[in-house]
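The values are calculated or read from the model by the stated rules, or taken from the named source; none is laboratory data. Everything numeric in this text was worked out from a predicted model, so none of it was measured. Surface areas here come from the heavy atoms of the whole protein model, side chains and all, with no ligands, DNA or RNA. Shrake-Rupley method; radii C 1.70, N 1.55, O 1.52, S 1.80 Å.
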Amino acid sequence: MAAISSACSSYWVMITGLAMVLLAMVNRADGRAFFVFGDSLVDSGNNNYLATTARADSPPYGIDYPTQQATGRFSNGLNIPDIISEHIGSESPLPYLSPELRNQRLLVGANFASAGIGILSDTGIQFINIIRMNSQLEYFQQYQQRVSALIGAEQAKRLVNQALVLITVGGNDFVNNYYLVPYSARSRQYDLPNYVKFLISEYRKLLVRLYYLGARRVLVTGTGALGCVPAELATRSTNGGCSEELQRAAALYHAQLETMINDVNRKIGSNVFIGANTHQMHTDFISNPQAYGFSTSKIACCGQGPYNGVGLCTILSDLCPNRDLYAFWDSFHPSEKANRFIVQQMFTGSTQYMKPMNLSTILDLDSRS
């Protein structure tokens, strides 16, 4: 009898424990999940699981990450999604391809971003096996099916509707497509103004698809100051100045992206999409690096050649001893410190940076609804 009593007791402990786990999962669905789409500026390691050259899974990447390990983030430390997660009091969402993304970790959200991709499917073809935007959105559908199986369809829909979403894409459509080589296929097909119009029309389709997949709070970034990154200074600079052609491209892109976002919101009847003027954010610390505590915004911390802007950041590259003094970590990507300035503007910036409102305002409004 004692053995039977003990077995029953163990059974109820197991059942109670399972019930508590399931309850915790459902309660987590009441919180704000975070989903990330885009390119290397926001990739947290998906490309580690792919046969591609677009990867950051070896030192000195990650030298200032909490574990001091290269994680696949194109940064010396944390990237923009990590820092946004800090601000909203959440864990950073895992890469969708990570085998650790299962069970309760799914309810935190997921990062679908992949280095090298663009708005267009032919962007980044030199990297071969990357997760292009259409595939990222297909993975998002697959993710929702997995969460539905975990907590039920209604709770899964609620989790997605209430989530914060970040999408960062577009820069590669210029530097790894239109301007990748002289007389590229796209530059022969379109002059720059018409290419930008084409990009924006394709981006609009992606945003509308995100909306139909359930996204209701989407932070949409523009490009950085494309002509001023160390890679472009190394190859296109005249007397140390930014590339005028790439700066023109970034300016055209940002202006039309802002107009498109406004139009999509108007047609939906709600401020679903929030535009982040990352072009201006980058320009601020590039034009006056000392005001932000940087010693330089021209030379990358890690690299080689002029401005440390040639080739990849590797263990053989020149490496600065103090990453906080550099606006750029490698030839294309901001340092963690620069990323922190960008995220701060996302949360508290005026309408010069965030339209129609900043993230702090969004979070405050959503907490009341």
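Entry note, the chain: the mean residue ellipticity at 222 nm calculated from DSSP H runs of n ≥ 4, each adding -39500 (n - 2.57), is -13500 deg cm²/dmol after division by the residues and rounding to the nearest 500.
Calculated accessible area for the chain comes out at 44 Å² per residue, all protein chains present (probe 1.4 Å; ligands, DNA, RNA ignored). Dividing the mean sequence gap of close Cα pairs (under 8 Å, 6+ apart) by how many residues the chain holds gives a relative contact order of 15 percent.
Compared with the dominant principal axis of the Cα atoms in the chain, helix 2-29 is inclined by about 30°.
What is the angle, in °, between the Cα long axis of helix 133-151 and the longest principal axis of the Cα atoms in the chain? Nearest 10 is fine, range 0 to 90. Relative to the chain, helix 133-151 is tipped by roughly 20 degrees.
Under 13 Å of direct C-alpha separation, and excluding same-chain neighbours fewer than eight residues apart, Lys205 reaches these aspartates and glutamates: Asp263. Under 10 Å, Cα contacts only: if you run a Gaussian network model on the chain, which one of Leu199, Leu226, Leu257 comes out with the highest mean-square fluctuation? Top of the fluctuation ranking is Leu199. Comparing Pro59, Pro321, Pro289 in a Gaussian network model of the chain where C-alpha atoms under 10 Å apart are linked, the largest mean-square fluctuation is found at Pro321.
Ignoring lysines fewer than eight residues from Lys298 along the same chain, the ones with Cα atoms less than 24 angstrom from its Cα are Lys337.
Relative to the longest principal axis of the Cα atoms of the chain, the long axis of helix 192-212 makes an angle of roughly 10 degrees. Considering only protein heavy atoms and a 1.4 Å probe, what is the carbon-and-sulfur percentage of the accessible area of segment 219-369? So the carbon and sulfur contribution to the accessible surface is 53 percent.
Using a cut-off of 14 Å between alpha-carbon atoms, which aspartates and glutamates can reach Lys157, once sequence neighbours fewer than 8 places away in the same chain are excluded? Reachable aspartates and glutamates: Asp30. Beta bridges from DSSP with both residues in the chain: antiparallel share about 25 percent, rounded to the nearest 5.
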